[in-house]
Each structure stands twice: as C-alpha cells, then as structure tokens.
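The values are calculated or read from the model by the stated rules, or taken from the named source; none is laboratory data. All values reported here derive from a predicted model rather than from experimental measurement. Here the Cβ is made from the backbone with ideal geometry for all residues, glycine too, and neighbour counts use every protein chain on show. Each accessible area value is taken on the protein alone, full model and side chains, heavy atoms only, with ligands, DNA and RNA left out. Shrake-Rupley method; radii C 1.70, N 1.55, O 1.52, S 1.80 Å.
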Amino acid sequence: MSLPTPATPLDSILSLHDFEISAQATLKPKSWAYYESSADDGQTYRRSKEIWREIRFRPRVMRDVSGEVDLRTDFFGFESEMPIMISPAAMGKLAHKDGELCIVKGAGRLGIPYATSNHASTSHLDMSLSALPSQTLFFQLYLHKERWRSAQQISEAIQQGYKALIVTVDTPFPGKRELDERTGLDDWSIGLANQGEKPGAKVSAIAQTSAVIDASLSWVDLPWLKEVSKGLPILIKGIHTFEDALKAYELGARGIILSNHGGRQVNTANTSLEALLELRRHTPHLLSNPNRFFVILDGGIRRGTDVLKALCLGAHAVSTARPFMFALPYGEDGIEKCGEILREEIVRGMKLLGVRSVKELGEKFVNARGLERLVFGESRL
C-alpha cells in the first residue's frame, strides 16, 4: 500500500489544527474517515473541542516567571516530562508505513507515556522493543469474549515491560460512525497485528472490536483483572459519570480516564470536561490525592491552554490521540513536533498565568461558573 507524503513542510506546522488540515489533505479519504469519524451527527465530538472556550482564565501578574517552567508530572510512579499521555488509537499504518512504531519513538523523544492500542497495526512486542530503556508504555485492553485470550495478552504485556493496564469499558457495542460507513475501508483495510486472528487478515478495527469484545464485562470482573494483571496498575478508560468513577475507586482501580471515546460512541454524551466538573461537585475526594487515585481527562485537547484548564479544575493529567494520529504522516518527527507544540503552548500559558510549576495550578486561575450551572445534580422532585 503506497502512502502519500504531506505536501505541507513540517516546519510550517504551527498548531495542532495545522496537523489536522495537513492530514485531511494527505490521507486517502477512507483513511481520513477512520481517524476523523464520530457517532451519528457528531455533536459530542465537536462539543468536546469547543467547550474549552467557555472557561476563562484569571491570570495573576507581578510574579517572577523569568526562570524555567517545571512541567514534570508523576503518572502514579512513572515520571513524564509533561502532564500528557498519548491515548490508544488503532490503525496507525493508514498514515505511515511504520505505523505505531513512530508514535513509540516520538513519545520516547518527548518523555511522555504512550498507551498502545489493543488493536494496533504493529505488534506490541515490536513496539516494546522500539521503546527507549526508560520509556513508559501502557497497555490498552478490550476484554475478549474468550477471557483466556485477554489473560494471555496481559501476561505478554507484563513480560514485554508495559507499565500499566488501561481497560477500555465504553465499547460494549460500536457507535454508529457514519463517515466510516459511507466510505468504508475495503481495499484500504490493513492487517491488524494484535487481533488474535489469522496473521495478515484484512479487517477494520471497528469490525474486529465488535467481533471479539466481551459485552458482558461488568464491575464484578475487576477483581479477576487485578488478579491476572499481577500487580500492574489498572486504569478504567471510558468513565462518564461520578457514580462510575466512585465505583472504580471503591473496587481498587489505580485511576480512571474520563473519556467519551473521542465522541465515537454515544452521541450527545457529556464531554470529559463536564465529567470532571461532576467529580468536583459530587466526589471531590477522588481528585484530592493523585498518589491514591489518578484521574486523566481525555478528549478535545487541541491547545496547551486546554491542558492548563483541565489541570486547574482538578485533573492530574490529560491524554489525547487524534492530534498525534494527524501528525503521523510525518513519522516520528511529526509526533515529536506535535508534542513540542503543546509543550510550548503550556509553558507560555503558565508564564502568562503567573506560575512556574504545574503543581501551582488550581481553581483560582480559572472561571468555570458558566459550565458549573450545567453540571448534573440529583433531582429533588
């Protein structure tokens, strides 16, 4: 499969939005459809990107911001150079011949964690072998209908050096992604390296996920997952509500990822930012100690200022996938450039807010009152 080269020079890319424009012009229409698609009419996908505009900053002045800015973040024992993780996303070889290997190498250069997709187009072993010795890779899991397959995958991930298990729970059935359905992948399908089927078989990631995922997964399975993971930290990805966040905490998960699956599952579901505001109102203790329970916000991040707003409102870190997938046609250099743009925007934003460490960020630097009035509350009728 011959892949086109981006016409826009990498040096000309100034923002994550530029990567998106370049990717749409570069990728084959069917490949673009897979990366860009969202559920139904796409309101949740669009809202997840736009909602950050509704939060206002409250910058402080006359503060010494002349020195270095400290972005280092402890991801439950694994140090990152920034409060950012690259989220799992499948079918990297639609954008680059080396697929997810480029993301591994780019994340290594940036010094940030990468959660590899369960259905990546390169093998988990090859990704682990491509990582730097000190690099942090997490392993994403869709629980297989045949539980022994998942247990085997987790065992192999432990042997290969993956540092945590990210269990995605919001996909018992795939959402209706009309852009995908209109274009399909047919001859542009690729062999997924980790689907547990015949090697080299061409299948779509959506079809594969639907075919093998265990829709019976429930909270009673978390003890089994903890047992087979043999002490590997477990984070639950796909939390929308404070009730489920509290359930994960009570059952011993190491943390959660607030996520609506990039707006690809339940259209008109809450954004992850609204889910974070729910936690602030109803279960603030879940945000109080990242050493006990780690909360990552995933979805809609397109600017360094979005990252800062999430941290100010209590998230311990953020994660994002699409911007890095849009940067993937440029290879590992594109992944690194995408992260460096975010780093530069975060540093500039922090200095303009009057802080020099992410540990100084807090609610006093933002005004989210306009959104807080929309936060879910128990009916008293």
Can you name the condition, by its number, that D11 falls short on among (1) under 21 Å from V266 (Cα atoms); (2) among the charged types (D, E, K, R); (3) over 24 Å from the mean Cα position of the chain (by Cα)?
(1)
Could we say that G349 is over 22 Å from A90 (Cα atoms) and in a helix (DSSP H, G or I) here?
yes
Would you confirm whether any residue within segment 255-278 is without any contact (Cβ under 8 Å) to a residue 60 or more places away in the chain, farther than 25 Å from A321 by Cα and not acidic (D, E)?
no
I'm trying to understand the selection: among the residues of segment 88-99, which are open to solvent by less than 10 Å² (accessible area, probe 1.4 Å) and either over 22 Å from S37 (Cβ atoms) or touching a Lys or Arg at 6+ places or on another chain (Cβ under 8 Å) (or both)?
L94, G99
Report every pair of residues separated by at least 6 positions or lying on different chains whose Cβ atoms are under 6 Å apart, first residue within segment 57-70 and aliphatic (A, V, I, L, M), second surrounded by 12 or more Cβ atoms within 10 Å (Cβ to Cβ).
V65/K351; V65/R356; V69/V347; V69/M350; V69/R356
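Yes or no, residue by residue, for (1) within 25 Å of Y114 (Cα to Cα); (2) under 25 Å from the mean Cα position of the chain (by Cα); (3) at pLDDT below 90; (4) hydroxyl-bearing (S, T, Y):
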site	(1), (2), (3), (4)
P6	yes, yes, no, no
H17	yes, yes, no, no
K28	no, yes, no, no
D40	no, yes, yes, no
Y45	yes, yes, yes, yes
E54	no, yes, no, no
R58	no, no, no, no
V61	no, no, no, no
T73	yes, yes, no, yes
Suppose the filter is within 24 Å of I166 (Cβ to Cβ) and open to solvent by less than 10 Å² (accessible area, probe 1.4 Å); does F365 pass it?
no
The listed residue being free of Cβ contacts under 8 Å to residues at least 12 places away in the same chain and either in contact with a strand residue (DSSP E or B) (Cβ under 8 Å, 6 or more places away or on another chain) or of a type in the set (S, T, N, Q) (or both), out of S38, S2, S22:
S2
Answer yes or no: is there a residue in segment 61-80 that is open to solvent by less than 20 Å² (accessible area, probe 1.4 Å), among the small types (G, A, S) and out of contact with any strand residue (DSSP E or B) (no Cβ under 6 Å at 6 or more places or on another chain).
no
Unique residue being part of a loop (DSSP other than H, G, I, E, B) and modelled with pLDDT of 95 or more when the list is A245, A269, A275, A253:
A253
Please count how many residues of segment 307-339 are open to solvent by 10 Å² or more (accessible area, probe 1.4 Å) and in contact with a strand residue (DSSP E or B) (Cβ under 9 Å, 6 or more places away or on another chain).
5
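Please go through segment 75-96 and pick out each residue that is among the charged types (D, E, K, R) and either modelled with pLDDT under 95 or not in a loop (DSSP other than H, G, I, E, B) (or both).
E79, K93
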Which condition number does W32 fail, the rest of (1) within 20 Å of H261 (Cα to Cα); (2) in contact (Cβ under 8 Å) with a residue 24 or more places away in the chain being met?
(2)
